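These notes concern the structure reproduced below.
The values are calculated or read from the model by the stated rules, or taken from the named source; none is laboratory data. Here the structure is a predicted model, which is why all the values come from computation and not from measurement. Cβ: placed from backbone, ideal geometry, glycine included. Neighbour counts: every protein chain shown.
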Number of protein chains: 2
Amino acid sequence: MITERIGNLRAYMHSKRIHAFIIPSTDPHQSEYVADHWKLRAYFSGFTGSAGILVVTKDIAALWTDSRYFLQVEEECKNNEVTLYKQSIPHAPEHIEWICNILDEHSSIGLDYRQFSKAQIDYIQGFTRLKNIELQNLPHFAKEIWTNRPDVPNHSITIHPIEFSGESTASKLKKVKEKIKNQQADFYFFSSLDEIAWLFNMRSKDVDFTPLVTAYALVGKKTSILFCDKHRFSASAISMFQELNISIHDYDSIAAMLPSLTQNKIIITDASSLNYATFEAVRGTFVFENSLAKELKAIKNTIEVEGVKKCMLKDGVALTKFFIWLEKELEKRAISEYEIGKKLEGFRQQREHYIGESFAAIVGYKGNGAIIHYTAPKEDSTMVSNEGILLVDSGAQYKDGTTDITRTVWLGGTPSEELKRAYTSVLKGYIELEQLQFPEGTAGVQIDAFARAYLWKNGLDYPHGTGHGIGSFGMVHEPDQGFATTATTKRGTTPHLANQLTTIEPGCYVAKEFGIRIENVVLSRIINKTKFGVFLSFEPLTLCYIDTNLIDFELLTKNDINWLNNYHKHVIELLGPLLNKEELKWLKNKCKMTH
Amino acid sequence: MITERIGNLRAYMHSKRIHAFIIPSTDPHQSEYVADHWKLRAYFSGFTGSAGILVVTKDIAALWTDSRYFLQVEEECKNNEVTLYKQSIPHAPEHIEWICNILDEHSSIGLDYRQFSKAQIDYIQGFTRLKNIELQNLPHFAKEIWTNRPDVPNHSITIHPIEFSGESTASKLKKVKEKIKNQQADFYFFSSLDEIAWLFNMRSKDVDFTPLVTAYALVGKKTSILFCDKHRFSASAISMFQELNISIHDYDSIAAMLPSLTQNKIIITDASSLNYATFEAVRGTFVFENSLAKELKAIKNTIEVEGVKKCMLKDGVALTKFFIWLEKELEKRAISEYEIGKKLEGFRQQREHYIGESFAAIVGYKGNGAIIHYTAPKEDSTMVSNEGILLVDSGAQYKDGTTDITRTVWLGGTPSEELKRAYTSVLKGYIELEQLQFPEGTAGVQIDAFARAYLWKNGLDYPHGTGHGIGSFGMVHEPDQGFATTATTKRGTTPHLANQLTTIEPGCYVAKEFGIRIENVVLSRIINKTKFGVFLSFEPLTLCYIDTNLIDFELLTKNDINWLNNYHKHVIELLGPLLNKEELKWLKNKCKMTH
């Protein structure tokens, strides 16, 4: 099947005299998760992970991705000709140099400009120009190959009410307009779907796992334009937007409208989300800067923080009920990873304001837990029995917030010393980073290693960053702040500020043996102000017991034990009133004080 | 005086129709410390620190530097019109944007291309082109203003013998030639003085505190050229170089020879040390990469490690004798900071293979210790008496190695709780980073904060990176590895590898009150190899007691106390045999075991 699709693409490439085609995993908004319409890379490669780039030449179909996905690519592409090319740095465009090396002078590369940011095309041209390689923008390439391609999403749009958003669109737009004025510009242009959903307080279900709306937005000093199919809005939404001087034009009309709208104007935008087709359509002058909406959105207001705290109660109850069910059911029978994931979803579905999963739950038994972004297949997924280790990484979208949690549990039998040392090291790493106090403005790359130091001491490590920002009924991987090992990503270089939501999720993985990860969402808060600066620390918001069966208590310090006991006390206090007597008894047993 | 010099420069600028003149602190080799001939920025501004850039316009004389030098600039420039402009990021060229903002379109900026790297001119032109601002290369500007300017250095050159270098020039050149061959290039061009001194195993005293030789080197596949005044070499050195197919041509002949030598050739070089005048003189094609000599040099061979260990014994003895002298002498009289520095130099001078100081010793009493790169003036420096806090940061060049050590000592009276907490936090920071185990390849920015975490917990911090590489009878600040808070410097981004020498030097400073810094040189060693990687840790090489009078023992963990006792035991074991009975008794008292 994949072979046939690649064959069709090669025939198309031949007809257009193209020597290499680049198919990234993104959409015209540089989204991480994309609508089915944009799943081109998965369609042509078979690899369904969220990050990876396919490069097809006459002889090679190269899938470039980072270490999180190595095992998954090898598994999903084992029966086709797609070959894994390993990125040494996640998201680094290492394939560009590679393509330009293997192509002859005056060759031609095909791509869809909408799938590439301005910054990416600049980068590509830095290499292609050296060898006079031409770029051909072919926005319709897939139309001619991919029959039955899903449409651009078209669902109805709901307004996200102030009781959840905590700030009106009018108030948010005012801040953007002040920025336009201060910069003596005419417009602020937004391409990023989560920024637009935040700014206009609207939600839909265009993208898997994420309540986004396919749109562009051009905010002016007085009037603004939302490029989004009008029929998707209710009459009341349209009139509400009208009152704010926001007019709505169809999504596809942007290409025709943008040139005249922007003639001789100054437009502020974020080059990292602006696609190259839109860049070329603008006639005015750009001022590039990190998106104001992204920066404002990353700092949660009081209502959003209250909202996510409510979600943590709901998630905590669902997870408690789920782990009780799992333990009891495994006494009776083996259960597939897929069924376990569905069951967990079922427990969350019963909670108030539940919308859906915030990403494809990872239920990885034993060696499957080592595949970092694993998804259990619907058919023939691994059977889980009441022994060994299970990693469960899951999250939900509720109208009042977004969650993301990982727990690793021991299902029975006697864990090896190696496993206990690894699990305990991961837990200690989590505690170390969560308890760190640091100056506001510290970048993620500066403190990521606090979650690793104890692992390193034991000769262990993990091949991913230690955490990411998380949205408020928004993206589960929200830009920009986080914890990363390199300064080449924004997760590494973005300053941490007060009132941000971030995950802390160290891990440890041994291929074919086990995967361990412990993840909580934490809130950054001001804890100290001195003449040396403002200092922050993290408050854990996630509420779910941490399995103590895998802890080697010899390795815990008094401080670690205090942390664990306090956390478990906190979990019982908050979840207790929401559980029945039997459930609470079970949870108290899981959370019992440790020496 | 400074006013007159700036006045002369402005007259010169007026005659050349120049609207701004940029005077950086470097020489044509992008050196940190420069020969007197190149101390242009100090000549025109009065500021003598090692990092800073002067920009002179018709109305403004702006001195751009980073937080390490803020207090020093304010002190040294208080009686002239030079104004401090604060760099928010050390070494960041923030002045360029500023100049281009204040200049009109079609203005002209004067500079000496030899003082700027290719990368720097590219950066500058990125801004100047936007406003059609012209750059004027004026290599002779100072000649016409600075009468009595010192000559380019001209001292005799000695060959650094294999008993100290541990590797022959032939062996080093072989590695460079292999690289030239592998890259299918013709030459490797070196501009950096410390790389050239290392590669050709030669030393002189061209630069303050650093045993370097003013030269350029063009290494070819068979023959190489050293551009360095021939009369500086002994006959035997010249014939030794001849045997290695190295010909020597006068330093100034490079401008005339380079164009024909490089016609149609491929030249590998490091753009960060290549000056723009040389870049323009080359007729061939450049391949830019991080300098191979720099990378090789950063990894010390066995002889070099043995050498620096011998130096640490010498330094340790000198420092012990010095602190004994200081303690006794202060009982009798107050002593100036300047005299204290000279006395310390005197103790080192008596040691074998001593050449000179490796930088201007910092002897900072009380508030002066808060001036991070303080130098006590020869006249009227602060008088030190037997009470309060004293910071002493010093180092030496010996033929067998280079040292750099900071100790902060309490001279008498009762230290405040605040001071003890700060000192103890600095010590704990040092211990934390020194004891860290981490994967080979970890960048400095990832682990710098381990030296800060305890300070942060107490609301404290320090405005400089935590350490730098150090040479082997070479530069005290050797590129590239180190520990930094940002990923914008190589100290932050360079991977740590085994067998490198680096300093660990956390601190804490309160202006006008105190400065605390504790600094050792450490050696990176492989401590563990697992399936997760090769892990390194640091071995402290510096041998000098750490003052315990300022420690708040309540804040030390058992691990901290063990570290301190072990370190002191090690100091006594190694220095003991080299001290007389009375000295050893004194040292044992300083190093006595703590609870």
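Against the criterion of being among the small types (Gly, Ala, Ser), more than 8 Å from every other protein chain (Cβ to nearest Cβ), at positive phi and assigned to a loop (DSSP other than H, G, I, E, B), A:Gly441 qualifies.
Note on segment A:241-300: enclosed strands (runs of 3 or more DSSP E) holding 1 or more residues that are under 17 Å from A:Ser224 (Cα atoms) are A:246-249, A:266-269.
Checking each residue in segment B:191-210 for being among the polar types (S, T, N, Q) and either over 14 Å from the mean Cα position of the chain (by Cα) or surrounded by fewer than 24 Cβ atoms within 10 Å (Cβ to Cβ) (or both) picks out B:Ser191, B:Asn201, B:Ser204. For B:Tyr12, the conditions (1) touching a Lys or Arg at 6+ places or on another chain (Cβ under 7 Å); (2) closer than 29 Å to B:Asp252 by Cα all hold with the exception of (1). Condition check: within 14 Å of chain B (Cβ to nearest Cβ) and over 27 Å from the mean Cα position of the chain (by Cα). Does A:Asn559 satisfy that? So A:Asn559 passes the test.
Each residue in segment A:446-481 was checked for being more than 10 Å from every other protein chain (Cβ to nearest Cβ) and not in a loop (DSSP other than H, G, I, E, B), and 8 pass.
Restricted to segment A:44-64, and to residues there that are out of contact with any helix residue (DSSP H, G or I) (no Cβ under 6 Å at 6 or more places or on another chain) and of a type in the set (S, T, N, Q), the residue that is surrounded by the most Cβ atoms within 10 Å (Cβ to Cβ) is A:Ser45.
Scanning segment B:267-285 for residues that are free of Cβ contacts under 8 Å to residues at least 40 places away in the same chain and not β-branched (Val, Ile, Thr) yields B:Ala281, B:Arg283. Take the conditions outside the structural domain of B:Ser67 (by TED's automatic domain parsing), buried (at least 24 other Cβ atoms within 10 Å of the Cβ), under 20 Å from B:Gly482 (Cβ atoms) and touching a His at 6+ places or on another chain (Cβ under 7 Å) and apply them to B:Ile431. Does it pass? No; evaluated as a whole, the condition is false for this residue. Might you check whether a residue that is of a type outside the set (Ser, Thr, Tyr) and within 27 Å of A:Thr302 (Cβ to Cβ) occurs anywhere in segment A:377-385? No: segment A:377-385 contains no residue that is of a type outside the set (Ser, Thr, Tyr) and within 27 Å of A:Thr302 (Cβ to Cβ). Applying a threshold of 9 Å to beta carbon distances and a minimum spacing of six or more residues, or different chains, the list of pairs starting in segment B:363-382 at a residue that is touching a residue at least 60 places away in the same chain (Cβ under 8 Å) and hydrophobic (A, V, I, L, M, F, W, C) and ending at one that is assigned to a helix (DSSP H, G or I) and buried (at least 23 other Cβ atoms within 10 Å of the Cβ) reads B:Ile371/B:Tyr69; B:Ile372/B:Tyr69. If you go through segment A:33-43 and keep only what is crowded, with 20+ Cβ neighbours inside 10 Å and under 17 Å from the mean Cα position of the chain (by Cα), you end up with A:Tyr33, A:Val34, A:Ala35, A:Trp38. For beta carbons closer than 6 Å, sequence separation of 6+ or different chains, a first residue in segment A:397-426 that is over 30 Å from A:His160 (Cβ atoms) and a second that is in a helix (DSSP H, G or I), the qualifying pairs are A:Thr424/A:Leu555; A:Ser425/A:Tyr454; A:Ser425/A:Leu455. Being in the same structural domain as B:Gly364 (by TED's automatic domain parsing), small (Gly, Ala, Ser) and more than 21 Å from B:Leu575 (Cβ to Cβ) is not true of B:Gly316.
This table checks each residue for (1) acidic (Asp, Glu); (2) surrounded by fewer than 24 Cβ atoms within 10 Å (Cβ to Cβ); (3) away from chain B (no Cβ under 14 Å); (4) more than 17 Å from A:Gly444 (Cβ to Cβ).
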residue: A:Phe483; (1), (2), (3), (4): no, no, no, no
residue: A:Thr486; (1), (2), (3), (4): no, yes, no, no
residue: A:Pro495; (1), (2), (3), (4): no, yes, no, no
residue: A:Val522; (1), (2), (3), (4): no, yes, yes, no
residue: A:Ile526; (1), (2), (3), (4): no, yes, no, yes
residue: A:Thr530; (1), (2), (3), (4): no, yes, no, yes
residue: A:Glu539; (1), (2), (3), (4): yes, yes, yes, yes
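Here segment B:84-104 is the region considered, the condition is being within 13 Å of B:Ala20 (Cα to Cα) and assigned to a loop (DSSP other than H, G, I, E, B), and the residue that is farthest from the chain's Cα centre (by Cα) is B:Asp104. Look at A:Ala511 and say whether it is buried (at least 24 other Cβ atoms within 10 Å of the Cβ) and within 14 Å of chain B (Cβ to nearest Cβ). For A:Ala511, the condition - buried (at least 24 other Cβ atoms within 10 Å of the Cβ) and within 14 Å of chain B (Cβ to nearest Cβ) - is not met.
The single condition from (1) at the interface with chain A (Cβ under 10 Å from one of its Cβ atoms); (2) among the hydroxyl-bearing types (Ser, Thr, Tyr); (3) under 28 Å from A:Pro463 (Cα atoms) that B:Thr502 fails is (1). Within the option set A:Lys428, A:Lys420, being more than 9 Å from chain B (Cβ to nearest Cβ), in a helix (DSSP H, G or I) and within 26 Å of B:Glu434 (Cα to Cα) holds for one residue only, A:Lys428. Residue count for segment B:235-266 under the criterion of being farther than 23 Å from B:His155 by Cβ, loosely packed, with under 14 Cβ neighbours inside 10 Å and of a type in the set (A, V, I, L, M): the result is 1.
As for segment A:211-230, it holds at least one residue that is in contact (Cβ under 8 Å) with a residue 60 or more places away in the chain and more than 25 Å from the chain's Cα centre (by Cα).
Here's the yes/no breakdown for (1) at pLDDT 95 or above; (2) over 28 Å from the mean Cα position of the chain (by Cα); (3) not assigned by TED's automatic domain parsing to the domain that holds A:Ile162:
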{"position": "A:Phe233", "(1), (2), (3)": "yes, no, no"}
{"position": "A:Ser239", "(1), (2), (3)": "yes, yes, no"}
{"position": "A:His249", "(1), (2), (3)": "yes, yes, no"}
{"position": "A:Asp252", "(1), (2), (3)": "no, no, no"}
{"position": "A:Met257", "(1), (2), (3)": "yes, yes, no"}
{"position": "A:Asp270", "(1), (2), (3)": "no, no, no"}
{"position": "A:Phe288", "(1), (2), (3)": "no, no, no"}
{"position": "A:Glu306", "(1), (2), (3)": "yes, no, yes"}
